[in-house]
Amino acid sequence: MTDFTKACIKANEEISSALKDGFDASWFEKTEVGAGGDVSSRLDLLAEEIFVKHLSSFGQIESEESGLIMNDALGEGASQIIIDPIDGSSNALSLFPFYGTSVAKVNADGILDSAIVCNLANGDIFLKSAGSDVLQGKLFSSIYHKPHVAPDPEIGLFEKAYAHPELVAALNEEKLKFRAPGAIAVSLAYARTVNFVLFMGAFRIYDFAAGLALCEGLEVIVEADYVIVSKDKAIAEKIENLINNL
């Protein structure tokens, strides 16, 4: 495990520890529109601050909340670290237990060499380093293993389903059941346990850099306005055909 990955784990453990006794009232306050286009909450900014503390020595940070956070000591040619400090902020601020964090590191050659996604609601954490397989573990534990796989999943995950009623109807017609949990990086981390993961909307690097890296070995379709991931190529292609025939 690399020093960068260890630092990411420590950052997630610090955020998790801050949350374990309940949400502070100030965390629900909204501030201003962040670099990713959404309004940042105090919780987003708290998580961002913790990540900056743990990761800024490894590269220049590009955060969904504050945009580029420079470390002048690193100079040109430093790695880029892409973070979504709280993936699924609306879930977190509604106390709905499906939210987490997303971190990806791109080295000086432009190659993504590390990806970490954590589900803060249950402590699941997923890791991927260049040349290594995806691993799954728990915060505050040193035990890691291959990601869990559901052999016959009964549901998929459809992010942004609320904005696409025609596609919802088409999936229902094909008997492709789904849920819409509302945290795309976390959903992608669980792609091996569900029938598919589908996202409809504009592609934002904060949402996908780490999550897609965790989908190595799966069928992945990425277009400008949709992303489909599945263990089953036929299912991925069927969903893409539904989209294109709307």
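Values in this text are rule-based calculations from the coordinates and carry no lab data. Being a predicted model, the structure only gives us computed values, none of them experimental. Reconstructed Cβ throughout: ideal geometry from the backbone, glycine too, with neighbour counts over all protein chains shown.
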* Starting from the Cα of residue 74, step 7 Å along the direction of its Cβ; do the same at residue 26; then give the gap between the two resulting points in nm. => 2.8
* For the chain, with a Gaussian network of springs between Cα atoms less than 10 Å apart, report the residue from 224, 185, 161 with the top mean-square fluctuation. => 224
* Structure fact -> For region 17-139, the Debye formula with one identical point scatterer on each Cα and no solvent gives log10 I(q)/I(0) at q = 0.09, 0.15, 0.17, 0.20 Å⁻¹ as -0.26, -0.71, -0.90, -1.17
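Would you compute, from DSSP H runs of 4+ residues alone, the mean residue ellipticity of the chain at 222 nm, taking -39500 (n - 2.57) per run and dividing by the full residue count, rounded to the nearest 500?
Working: 7 runs with 72 residues, N = 246.
Calculated at 222 nm, the ellipticity per residue is -8500 deg cm²/dmol.
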* Largest to smallest principal axis extent of the C-alpha atoms in the chain, angstrom -> 54, 42, 34
* Starting from the Cα of residue 163, move 7 Å in the Cα-to-Cβ direction to define the label point; list residues of region 68-96 whose amide nitrogen is under 13 Å from there. => none
* Structure fact -> Simple SL model, points at 7 angstrom along Cα→Cβ for residue 232 and residue 95; separation in nm is 3.8
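What's the extension gain from residue 57 to residue 203 if we count 0.36 nm per residue and subtract their Cα-Cα distance? Write out the running numbers ahead of the final one.
On the way: separation 146, 0.36 × 146 = 52.56 nm, distance 2.80 nm.
Net length gain for the segment: 49.8 nm.
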* How big is Rg to Rh over region 103-234, alpha-carbon atoms, Rh as the Kirkwood inverse-mean-distance radius? -> 0.97
* Sort 70, 1, 200 so that the residue with the fewest other Cβ atoms within 10 Å of its own Cβ comes first and the one with the most comes last. => 70, 1, 200
* Structure fact -> Taking max minus min of the Cα coordinates of region 156-244 on each principal axis, largest first, gives extents in Å of 32, 24, 22
* Mind scanning 30/231; 105/160; 20/146 and naming the pairs with a C-alpha gap bigger than 29 Å? => 30/231
* Asked: Can you give the % of DSSP beta bridges in region 156-244 that are antiparallel, to the nearest 5?
  -> 65
* Asked: For the residues 62, 166, what sequence is obtained by ranking on other C-beta atoms within 10 Å, fewest first?
  -> 166, 62
* **Amide hydrogen neighbours beyond the local backbone of residue 71, cut-off 5 Å, H modeled** => 61
* Asked: With a 10 Å Cβ neighbour count serving as the proxy for reagent exposure, in which order, fewest first, do 192, 204 appear?
  -> 204, 192
* Structure fact -> With a 19 Å threshold on alpha-carbon distance, the violating pairs from 138/233; 138/177; 10/138; 128/238 are 138/233; 138/177; 128/238
* Residue-by-residue Karplus 3J(HN,Hα) for region 132-137, coefficients 6.51, -1.76, 1.60, Hz, glycine and proline x -> 10, 6, 5, 10, 10, x
* Structure fact -> The ³J(HN,Hα) series, computed from each phi in region 86-101 with the Karplus coefficients 6.51, -1.76 and 1.60 at θ = phi - 60°, rounded to the nearest Hz and given as x for glycine or proline, is 9, 8, x, 4, 4, 4, 4, 6, 9, 6, 8, x, 8, 7, x, 9
* Structure fact -> When the chain is treated as a Gaussian network with springs between alpha carbons less than 10 Å apart, the largest mean-square fluctuation among 65, 174, 219 is found at 174
* To do: Rounded to the nearest 10 degrees, what's the angle between the helix 3-19 long axis and the longest principal axis of the chain, both from Cα atoms, 0 to 90?
  => 80
* Structure fact -> Length gained if residue 10 through residue 108 is fully extended, taking 0.36 nm per residue and subtracting the Cα-Cα distance, is 32.9 nm
